[in-house]
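The values are calculated or read from the model by the stated rules, or taken from the named source; none is laboratory data. Note that the structure is a prediction, hence the values are computed from the model and not measured. Reconstructed Cβ throughout: ideal geometry from the backbone, glycine too, with neighbour counts over all protein chains shown.
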């Protein structure tokens, strides 16, 4: 694993040109790894990204008793007949996605012990909807010394679950719990993200009966058992989107392949409004960045709206755009923590509650900055690509959680980015 003290040295001024591919989606593969716990036997995932969070999730699976083999971009997992129904504090604290093991462990084992989640510091992200949904399926929970103890009597039981908000995590946890429940489960106001659809596809290959994934209502008819399956992870739309912004901010031309442009409809629309020329194919998108972007407004919303995880990258572009942009963050209350880092580079950003006003400046100046989370870290690297001088981005283990060889792929496009190890 990369050292926590690693940092990127970014020298601005290079125009990015060329072709770059993306691997499987972080926000899909982690949940699909957990879904394997639902069936004993050997499972296989392909197109798996070589990111830090995948390595962390393998440790969660191994703690539960599974054996994991990760080679290239192929992951093979042997799940035993008997599981250890626990996700310990040191693993859950490192990655919020670990909370998703609640549903599968309750379904397989009848009990689960899971520490409260950690991960990116993006403000309050309560798991109330996860727990309320699983309670509707018959689970009970107690919190003891920071550990959730979940139990069920017999099997989980199907129910109608109306989510207050189309939460991706809550939708997934209920899906994973209900596929082996007695009877039928209906999830209304469900999340519609492509990663939800891909999880449903994997579960269907395992023998689950899931209908409606990708719509606001998902219907699941529980089955008594599931079997192992092979599945190819859906491409990472956020990695693809990050490289499109890299082209836009450097006035370059970049073709992103092995992606699904339709999953980036709103984000690409905003880039076009900012002055980018965009061509699309079924599995590729090519971006020609403008000499200088034009200011645009946007608000983050659940899919198919503008993805909150593309918010910081686009702000990096708008920081050097012509005009003033107003953005609204509707999902995470602490998403703007990176704004101060961009301001140190010369960006003119004012924030109040969930709003930010970005007045584009003529230039940014390189300086030391700190990556507070995955996407904010990527945005600081993108800003460094056009800043005068050298930008040092520290705490890049956050970036490693979501991007495979981020610096290497930028360098292949012509960027001047170097990783310096913690010991250097």
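In table form, for the structure just shown:
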{"quantity": "Single match in 163, 199 (criterion: surrounded by 19 or more Cβ atoms within 10 Å (Cβ to Cβ) and within 23 Å of residue 97 (Cβ to Cβ))", "calculated": "199"}
{"quantity": "Selection status of residue 237, more than 30 Å from residue 40 (Cα to Cα), surrounded by fewer than 21 Cβ atoms within 10 Å (Cβ to Cβ) and in contact with a helix residue (DSSP H, G or I) (Cβ under 6 Å, 6 or more places away or on another chain)", "calculated": "no"}
{"quantity": "Filter pass, residue 135 being assigned by TED's automatic domain parsing to the domain that holds residue 34, assigned to a loop (DSSP other than H, G, I, E, B) and over 27 Å from residue 53 (Cβ atoms)", "calculated": "no"}
{"quantity": "The listed residue being modelled with pLDDT under 95, buried (at least 16 other Cβ atoms within 10 Å of the Cβ), touching a helix residue (DSSP H, G or I) at 6+ places or on another chain (Cβ under 8 Å) and under 30 Å from residue 42 (Cα atoms), out of 210, 147", "calculated": "147"}
{"quantity": "Count - residues of region 345-354 that are exposed (fewer than 15 other Cβ atoms within 10 Å of the Cβ) and modelled with pLDDT under 95", "calculated": "2"}
{"quantity": "Filtered residue count, region 249-266, keeping only those that are under 19 Å from residue 23 (Cβ atoms), touching a helix residue (DSSP H, G or I) at 6+ places or on another chain (Cβ under 7 Å) and not in a loop (DSSP other than H, G, I, E, B)", "calculated": "5"}
{"quantity": "Selection count, region 283-308, where residues are assigned to a loop (DSSP other than H, G, I, E, B) and more than 22 Å from the chain's Cα centre (by Cα)", "calculated": "8"}
{"quantity": "Residue match in region 332-344 (condition: modelled with pLDDT of 95 or more and assigned to a loop (DSSP other than H, G, I, E, B))", "calculated": "no"}
{"quantity": "Residues (free of Cβ contacts under 8 Å to residues at least 40 places away in the same chain, under 28 Å from residue 90 (Cα atoms) and not in a loop (DSSP other than H, G, I, E, B)) located in region 138-175", "calculated": "140, 141, 142, 143, 144, 149"}
{"quantity": "Residues within region 57-86 that are crowded, with 20+ Cβ neighbours inside 10 Å and under 20 Å from the mean Cα position of the chain (by Cα), tallied", "calculated": "4"}
{"quantity": "Residue that is nearest to residue 280 (Cα to Cα) [pool: residues in region 256-266 that are touching a strand residue (DSSP E or B) at 6+ places or on another chain (Cβ under 6 Å) and crowded, with 20+ Cβ neighbours inside 10 Å]", "calculated": "261"}
